[in-house]
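Beneath this line is the structure, given in structure tokens, with notes to follow.
Any read-out appearing in this document is the output of simple, stated calculations on the displayed coordinates, not a laboratory observation. Bear in mind the structure is a predicted one, so any value in this text is a computation, not a measurement. No Cβ is skipped: glycine too gets one built from the backbone with ideal geometry, and neighbour counts run over all protein chains shown.
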């Protein structure tokens, strides 16, 4: 499913269903003139549909870069097809990722660059910033910020479960937006380390990170883009994190 | 580079995998970089305040390991990564010979742990894949035929019985540890691992062999700290006392005689000596400021 988010930013997403609801597996595309950038490349499960959608969005352009939020198969399982179709594509991953062993070896190591949190990469006329991933289920995770569209690509963070009828819809197309319970369900499953976390400390860092740059859109891989009301959704995520942490505390009592 | 005498090496460079018996029936199948470690790990350790301790004055490496328990039914514990696929298959076949592989037990879904599952399953189609319960999207990780198990469940392999252990310290949500009741073999996946120096001949050594030479308890604590800091950055939001208490409770619950992390040198002797060191390493990691990693 292809959706236009804003400016030259597109979302290509597939949906998997489960007992907690529907979960998106998304790829984001910045057309970026003649040097398009992919954020993640989706799952091998959805290879044919993702590649077809990417061809449609790119409309003959050759993507210059793929930035991986991290290398797990739901995020990078389709990389063999991407490399096969666009063999010169360059990949950027976190410096905490051991690319030789954590990225499928179909991508030549010479085409992988490692970036530290806080560094910038310029692609054509656009500069993308690597941001510390606050919520990571793999140490070599990174979030990515695009100042032009004011979008934070948040990897697994800000993911959510949703009823089937909301699949692929942006937050501003859903009455009331994404609810805390939707964030809670997803983050409870994904980030089991929350059992140890003191939520007020995590939430303070989330406030700090979000507050450091203008953000109009949060683009999670396991959700559709959150457009607008970023502070509201950040507060809902904080509520969700607090609820998950506190439920573990209750169990320990 | 000289190998420990009972070690067999398959492949080379980025793809090499060694096999070494820990007991008569439990094998360590492990990849590390050796001479390539300095180049590969330089950027990785660059964030540390004392980065030169890991990539200059002491050049470190760490393994990516699987283990194989051979019994009436055999169990492979994790699979190594796709880049080591050919050597890993050779290693498994070297150990098993004509015997079948019955179980492929997965600690968590990351490529260095589970990435060879499909190809191993093709080679041993009767093998059952075992993953932790709680996940509903294993198909995204190419593990869709897995049987899911809960912490506390046991599987009898013959003389040996393995128990699924609640993974206390995790990166990926779907994680489990494993304990074998007869030998006291404890597999801790990403937690509790040291580093080793290829230049000191420490590749594929057991920890007692390292300590007999250049390695020390203080280095072990610092290595556990550094690895935990990288592996579990969420420690920055925890109470170090709670973390240390959890480690102490773990060792009260399980009579661990062999401590086998995915990414460290196996501790096969005197594990009790290392329990307080593992606790201290976690405590130090939890007390570290995250300003070095968290470039807001």
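Ranked from largest, the principal axis spans of the Cα set of region A:33-77 equal 28, 20, 9 Å. Taking every C-alpha pair closer than 8 Å and separated by at least 6 residues, the mean separation divided by the residue count of chain A gives a relative contact order of 17 percent.
In chain A, the calculated helix contribution to ellipticity at 222 nm averages -8500 deg cm²/dmol per residue, counting -39,500 (n - 2.57) for every DSSP H run with n ≥ 4. Start at zero, step by 10 Å, and the Cα-Cα distances of the protein assembly as shown spread as 4, 19, 30, 28, 15, 5, 0 percent across the bins. Based on Cα atoms of region B:206-267, Rg over Rh with Rh as the Kirkwood radius reads 0.99.
Sorted fewest first by neighbouring Cβ atoms within 10 angstrom, A:206, B:178 come out as A:206, B:178. Using C-alpha pairs under 8 Å with a sequence gap of at least 6, the mean separation divided by the residue count of chain B gives a relative contact order of 16 percent.
The share of C-alpha pairs in region B:95-238 whose separation exceeds 24 Å stands at 45 percent. Each of B:83, B:283, B:181 has some number of other Cβ atoms within 10 Å of its Cβ, and from fewest to most they run B:181, B:283, B:83.
DSSP assigns beta bridges within region B:8-287; of those with both partners inside it, close to 70 percent run antiparallel. Per residue, the convex hull around the alpha carbon atoms of region B:1-103 comes to 115 Å³.
Across region B:8-287 the C-alpha pair distances fall into 5 Å bins from zero in the proportions 1, 6, 13, 18, 20, 18, 14, 8, 3, 0, 0 percent. Inter-chain neighbour count for B:133-143: the average number of beta-carbon atoms from partner chains within 10 Å of each residue's beta-carbon is 5. Taking label points 7 Å from Cα along the Cα-to-Cβ direction, residue B:252 and residue B:12 give a separation of 5.3 nm.
Peptide A:191-201 has a mean of 6 when you count, residue by residue, the C-beta atoms of other protein chains within 10 Å of its C-beta.
Going by neighbour counts of Cβ atoms within 10 Å, the residues A:69, A:116 line up, fewest first, as A:116, A:69.
With each label modelled as a point 7 angstrom along the Cα→C-beta vector, the residue A:204-residue B:245 pair spans 2.1 nm.
Debye-formula intensities of region A:128-253, expressed as log10 I(q)/I(0) at q = 0.12 Å⁻¹, are -0.42 (one equal scatterer per alpha-carbon, no solvent). Entry for chain A at q = 0.12, 0.16 Å⁻¹: log10 I(q)/I(0) = -0.65, -1.19, Debye formula applied to identical alpha-carbon scatterers, no solvent contribution. Evaluated at q = 0.27 Å⁻¹, the base-10 log of the normalised Debye intensity for region B:169-215, with identical point scatterers placed on the Cα atoms, takes the values -0.96.
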